[in-house]
1. Determine Rg/Rh for the stretch 59-166; Rg is computed over alpha-carbon atoms and Rh is the Kirkwood hydrodynamic estimate from the same atoms.
2. Among 157, 22, 100, what is the fewest-to-most ranking by other Cβ atoms within 10 Å?
3. Pop a pseudo-label 7 angstrom from the Cα along the beta-carbon direction at both residue 81 and residue 161 and give the gap in nm to one decimal.
4. Mind sorting 87, 161 by how few other Cβ atoms lie within 10 Å of their own Cβ, fewest first?
5. List residues of the stretch 132-152, by number, whose backbone nitrogen lies under 14 Å from a label position 7 Å along Cα→C-beta of residue 106.
6. Just the C-alpha atoms of the stretch 45-115: what Rg/Rh do they give, with Rh taken as the Kirkwood radius?
7. Sorting check: for 9-17, 115-123, 141-149, which peptide has the highest mean count of neighbouring beta carbons within 10 Å, and how do the rest follow?
8. Taking a point 7 angstrom from the Cα of residue 53 along the C-beta vector, which residues in the stretch 66-86 have backbone N less than 16 Å away?
């Protein structure tokens, strides 16, 4: 009987050693071809939500090749449209004005332009009491723009456009 217990213990030890050795061999990456390394795709997950890749474009500015010049063209065309709207009212001003109105515009992801708010001095408000409604009407007459783009996707954009008043 003693012989069977000793023999059983020896077989059990050999079986455990075999299992451990098999586990080591199967889990070892030594036998894997090291020339084929797994490629992990790099994903840019940092997104700056405060800027756009492409500025909203006025309809006639999208044919300009440089993005910076497109942006400048759009700002100039927007200013011209709003100046023309102000001039159409034949405003009579009693004092000299050399001031700037800051108009915050909202261009949605479909290109529709709307007025968010505007900032102007008390002098401008006293000389042109209905300036806010005049500018609002002028913004309402702006054409549909190409929306701003972020990673190729149309996005809603807000920006401030300065309008200089000088007489």
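Just so you know, all these numbers are worked out from the coordinates, no wet-lab data involved. Computed from a predicted model, the values in this text were never measured in an experiment. Don't worry about glycine lacking a Cβ; one is built from the backbone with ideal geometry, like all the others, and counts go over all protein chains shown.
1. On the way: Rg = 14.9 Å, Rh = 14.8 Å.
In the stretch 59-166, Rg relative to Rh is 1.01.
2. Working: 157 20, 22 10, 100 14.
Ranking 157, 22, 100 by Cβ neighbours within 10 Å, fewest first, gives 22, 100, 157.
3. Label at residue 81, label at residue 161, 0.6 nm between them.
4. On the way: 87 9, 161 16.
Going from sparsest to densest Cβ surroundings: 87, 161.
5. Only 140 pass the distance filter.
6. Working: Rg = 15.8 Å, Rh = 14.8 Å.
When Rh is taken as the Kirkwood radius, the ratio is 1.07.
7. Numbers: 9-17: 10.0, 115-123: 13.8, 141-149: 17.7.
Ranking, from highest mean packing down: 141-149, 115-123, 9-17.
8. Under cut-off, by backbone N: 67-68.
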